[in-house]
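Asker: So that we are looking at the same thing, I have put the structure below in structure tokens.
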Amino acid sequence: MLRHLRAIEDCTREELDGFIERALELKKEHKAGVRHSQLVGKTIGLIFEKPSTRTRVSFESAMYGLGGQVIFLSGRDTQLARSEPLKDMARVMARYVDGMVVRTFGQEVVEELARYSSVPVINALTDLHHPCQIMSDLMTVIEKKGPLENLKIAWVGDGNNVANSWIQAAEILGFELILACPEGYDPNPEILKKGRSNGAKPIVLVRSPEQAVAEADVINVDVWTSMGQEGEEDRRLAVFRGFQMNDALLAHAPDAAIVMHCLPAHRGEEITEEVLESERCVAFDQAENKMHMHKAILEKLIGG
Ligand code: CP
Ligand code: NVA
């Protein structure tokens, strides 16, 4: 049974399908004005050591929407900032809250908290993974394009945390994934190797963005410089120049292909204003779906 959500690979295929189905149902209910109370009396702690707009607000509104409560702690608010051991933090927090949602740098922080916590720990982004993002993005893909197993999904840009989580999703759910990353900016090699050996459909790494989008139903882009990499920005701007999602690149994709961006976007870098604001880009629907998916995640992990 799923206890923690540290990465997509914590979930079985059935669990991922279940989350998506439930999130779609919760979205319908939200639009119909249905009120929920399944998490009344429950509290989660949000521990965020990196900035966030979407993930923080959507987790908070999801928890309140299910009748629960939230305590938000930024990195500097806790004794973690003064090097209190994670194993102590985990055991203390678990005595106060019913779950922890954590955004941090190292994946090992989430792993260590989960190891010592008697309540669920949910990864809200690390340098290595962004599982909740991909779970709501899968929901958006299904809404826009239908069943995943018939689709070709492309990734253009940095082989970062979001790319790693897409690879794990492709491995578990069995859809085709083609990633175009510049040399030296590949996804995590172990995640890629495991995804390729276990996935039912090909997971391919190429160097050409045009090749990646050529037959894609869905094209994903993300920032070139992730949180924590600010010192590398100038070098990254130069390396990724040919990987911009613009009209010229989109012209190589099928007419029906949609563009996804988990946001925040840097217009003029990884995506142009024209593409981001075009009908083909579903970034704001992705942002909306985060709240519904987070409700589904909280309901299952915190509600039991
Ligand atoms: N997509 C996403 O995680 O956005 P935030 O950094 O604003 O939470
Ligand atoms: N790859 C980006 C995602 C932001 C939601 C980062 O880690 O900053």
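Each value in this text was obtained by applying a stated rule to the coordinates, not by laboratory testing. In this text, all values refer to a predicted model and were calculated from it rather than measured experimentally. When we count neighbours, we look across all protein chains shown, and the Cβ atoms used for this are built from the backbone with ideal geometry, even at glycine.
Asker: Any idea how far the Cα center of region 104-118 sits from the one of region 22-92, in Å?
Answerer: 16 Å
Asker: Straight-line reach from LYS193: which aspartates and glutamates have Cα under 16 Å away, leaving out those fewer than 8 places along the same chain?
Answerer: Answer for LYS193, where 16 Å is the Cα cut-off: GLU9, GLU171, GLU176, listed by chain and number.
Asker: Which GluC sites (Glu not before Pro) in region 167-202 pass both tests, a DSSP loop state and at most 15 other beta-carbon atoms within 10 Å? Write out the running numbers ahead of the final one.
Answerer: On the way: sites: GLU171, GLU176, GLU183, GLU190; in loops: GLU183.
Of the GluC sites (Glu not before Pro), the ones in loops of region 167-202 whose Cβ has at most 15 other Cβ atoms within 10 Å are GLU183.
Asker: If one puts a single equal scatterer on every Cα of region 83-236 and applies the Debye formula without solvent, what log₁₀ I(q)/I(0) results at q = 0.09 Å⁻¹?
Answerer: -0.33
Asker: Something else now. Take each of the peptides 99-111, 151-163, 220-232, average the number of other beta-carbon atoms within 10 Å over its residues, and list them starting from the highest. Numbers along the way, then the final one.
Answerer: Working: 99-111: 21.5, 151-163: 25.2, 220-232: 18.6.
Top to bottom by mean Cβ count within 10 Å: 151-163, 99-111, 220-232.
Asker: Okay, moving on. Any idea what diffusion coefficient region 145-304 gets from Stokes-Einstein, in µm²/s, Kirkwood Rh on alpha carbon pairs, 20 °C, 1.002 mPa s? Walk me through the numbers on the way to the answer.
Answerer: Numbers: Rh = 16.2 Å.
Diffusion coefficient, whole number: 132 µm²/s.
Asker: Do you know the relative contact order of the chain, to the nearest whole percent, from alpha carbon pairs under 8 angstrom that are 6+ apart?
Answerer: Details: 593 pairs, mean separation 62.2, N = 304.
20 percent.
Asker: Measure nothing fancy, just the Cα-based angle from helix 283-301's long axis to the longest principal axis of the chain, in degrees from 0 to 90, nearest 10.
Answerer: The angle comes out at about 40 degrees.
Asker: Against the longest alpha carbon principal axis of the chain, how many degrees, from 0 to 90 and to the nearest 10, is the axis of helix 54-65 turned?
Answerer: 40 degrees
Asker: Sticking with this one: Please tell me the relative contact order of region 43-146 in percent, rounded to the nearest whole number, where contacts are Cα pairs under 8 Å and at least six residues apart. Walk me through the numbers before you get to the answer.
Answerer: Working: 145 pairs, mean separation 27.5, N = 104.
Relative contact order, region 43-146: 26 percent.
Asker: Continuing with this model, one more query. If you wrap region 238-300's Cα atoms in a convex hull and average its projection over all directions, what's the area in nm²? All intermediate terms of the calculation are to be shown ahead of the outcome.
Answerer: Details: hull surface 22.2 nm².
Mean projected area of the Cα convex hull: 5.6 nm².
Asker: Looking at the chain as a GNM with Cα springs under 10 Å, which of PRO131, PRO187, PRO51 has the largest mean-square fluctuation?
Answerer: Result: PRO51 has the largest fluctuation of those listed.
Asker: Hey, another quick one. Which GluC sites (Glu not before Pro) in region 247-304 sit in a loop by DSSP (not H, G, I, E or B) and have at most 14 other Cβ atoms within 10 Å of their own Cβ? Could the numbers behind the result be given before it?
Answerer: Details: sites: GLU269, GLU270, GLU273, GLU274, GLU277, GLU279, GLU288, GLU299; in loops: GLU269, GLU270, GLU277, GLU279.
Loop-located and lightly packed - GLU277, GLU279.
Asker: Taking every eigenvalue of the Cα gyration tensor of region 1-144, multiplying by 5 and rooting it, what semi-axes result, largest first, whole Å? Walk me through the numbers before you get to the answer.
Answerer: Numbers: eigenvalues 131, 61, 40 Å².
The equivalent ellipsoid of region 1-144 has semi-axes of 26, 17, 14 Å.
Asker: Using only Cα atoms and rounding to the nearest 10 degrees, what angle (0 to 90) does helix 13-31 make with the longest principal axis of the chain?
Answerer: Orientation of helix 13-31: about 80 degrees from the principal axis.
Asker: Once you have a ≥ b ≥ c as the square roots of the Cα gyration tensor eigenvalues for region 1-53, tell me rounded if a/c is under 1.5, and otherwise prolate or oblate according to whether a/b is larger than b/c. Walk me through the numbers on the way to the answer.
Answerer: Working: a/c = 1.69, a/b = 1.13, b/c = 1.50.
Taking the square roots of the gyration eigenvalues as a ≥ b ≥ c, region 1-53 is oblate.
Asker: Any idea what log10 I(q)/I(0) is at q = 0.07, 0.09, 0.12, 0.13 Å⁻¹ for the chain, Debye with uniform C-alpha scatterers and no solvent?
Answerer: Debye output, listed in q order: -0.25, -0.42, -0.77, -0.90.
Asker: Gap in Å between the Cα centre of region 151-195 and the Cα centre of region 232-304?
Answerer: 15 Å
Asker: Among the listed pairs LYS27/LYS194; LYS87/LYS201; LYS50/LYS295, which have their C-alpha atoms separated by more than 30 angstrom in this model?
Answerer: LYS27/LYS194; LYS87/LYS201
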